[in-house]
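A short worksheet on the structure shown next.
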Amino acid sequence: MDLEQALHAARALVLADLAAGNVAEADVVSLVEDAVAHRRWWVEQWPEGAPFVAGLVAQDVQDALLDKFGRWPVCPVCVESTDLHALDIQPELGPEPHWVCSEAGVVVAPVGGLGAVLDR
């Protein structure tokens, strides 16, 4: 996968998850664009990291959302819990990243696949 394909795929996957969570507003999409731009430089420096870009962009957006809006995506596995928490990305640096609930120890969905879990 070349650099542009990896970046476009990462953007599409993260936008799909944001849309599934009904948070794909213009200001949030701008956070995705910022993350993709930042990771463009990163993958230019380390081309072998192209398969890892989707997970890194998802983490970057998740961090930016936490600073501005709060936890995202909220864990759909533990919705009955009084301690709402966000899903984590695993592997933190690797191919085929997934959203996981660290509390329950379960894989929830691949990055880009939250729509199937959230029925959207």
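Observations, loosely collected:
- Ranking 118, 107, 85 by how far each Cα lies toward the positive end of the dipole of the chain (charges on Cβ) leaves 118 at the top.
- Of the GluC sites (Glu not before Pro) in the stretch 1-54, the ones in a loop by DSSP (not H, G, I, E or B) with at most 14 other beta carbons within 10 Å are 25.
- Once backbone amide H atoms are built at 1.01 Å from N, residue 98 has 90, 111 as its partners under 5 Å, excluding neighbours fewer than 5 places away on the same chain.
- Kirkwood hydrodynamic radius of the chain, Cα pairs, Å: 14.3
- Charge context of residue 90, other residues only, Cβ under 14 angstrom, K/R +1, D/E -1: -4
- Surface composition of the chain: carbon plus sulfur atoms contribute 53% of the solvent-accessible area (1.4 Å probe, protein chains only, all chains present).
- 3J(HN,Hα) along the stretch 38-46: 5, 6, 4, 4, 4, 6, 5, 6, 9 Hz, from the Karplus curve 6.51 cos²θ - 1.76 cosθ + 1.60 with θ = phi - 60°, whole Hz, x for Gly and Pro.
- Heavy-atom accessible surface of the chain, averaged per residue, reaches 55 Å², computed with a 1.4 Å probe.
- Förster radius 22 Å - calculated FRET efficiency between residue 84 and residue 8, Cβ distance, rounded to 0.05: 0.10
- A simple count of charges around residue 58, restricted to other residues whose Cβ falls under 13 Å of its Cβ and scoring Lys, Arg +1 and Asp, Glu -1, yields -4.
- Residue-averaged [θ]222 nm for the chain, counting only DSSP H segments that reach four residues, each worth -39500 (n - 2.57): -15500 deg cm²/dmol
The values are calculated or read from the model by the stated rules, or taken from the named source; none is laboratory data. Remember, predicted model here, so these are calculated numbers, not experimental data. Counting neighbours? That spans all protein chains shown, and the Cβs are built from the backbone with ideal geometry, glycine included. When the accessible area is computed, the model is the full protein with side chains, heavy atoms only, and any ligands, DNA or RNA have been set aside. Shrake-Rupley method; radii C 1.70, N 1.55, O 1.52, S 1.80 Å.
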